[in-house]
Amino acid sequence: MKKILYILLTLLAILALVITFFCQPIGKYYAQSYAQKLLKTPVEISQLNLRLLDKSLNVDFIKVQNPPNFKNKNALSLDHFLLKVGTIGSNLIVIDH
């Protein structure tokens, strides 16, 4: 019985490590591809940091390109975006910058 418990705990620890290391690249890929499908234009995200314990999402250097017939290359260029999720019952929205 103890062997099974140790094996399950080891598998859970390995799963937690895998999720921790691969969550950010996978999240970046899906966020970028979803934005491209939604906007129908190329979207580039340089860095995405997901912190589950802090309940925050930090995105750096987002570029949304204009379609080819527009004068400017980018429709949107954002250096830094930070999203923090509060408690479920909280109705407070804070915009720092």
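Take the Cβ-Cβ distance between Glu44 and Leu9 as r, set R0 to 35 Å, and report the resulting FRET efficiency rounded to the nearest 0.05. Write out the running numbers ahead of the final one.
Working: r = 41 Å, r/R0 = 1.16.
Using R0 = 35 Å, I get an efficiency of 0.30.
Each Lys or Arg adds one and each Asp or Glu subtracts one; over the other residues with Cβ under 14 Å from the Cβ of Thr10, this totals +2.
Per-residue Karplus couplings for the stretch 7-18, computed as 6.51 cos²θ - 1.76 cosθ + 1.60 with θ equal to phi - 60°, are listed in order as 5, 5, 5, 5, 5, 5, 5, 5, 4, 5, 5, 5 Hz, Gly and Pro entered as x. Each of [x] 1.28; [y] 0.96; [z] 1.15 is a candidate for Rg/Rh (Cα atoms, Kirkwood Rh); the one calculated from this structure is [z].
In straight Cα distance, which lysines are under 21 Å from Lys40, not counting same-chain residues fewer than 8 positions off? Reachable lysines: Lys28, Lys63, Lys71, Lys73. A Förster distance of 25 Å, applied to the separation of the beta-carbon atoms of Lys55 and Met1, puts the FRET efficiency at 0.10.
No lab work stands behind these numbers, since they all come straight from the coordinates. Predicted, not measured: the structure shown is a model, and the values here were computed from it. A quick note on method: Cβ atoms are made from the backbone with ideal geometry, for glycine too, and the neighbour counts reach across all protein chains shown.
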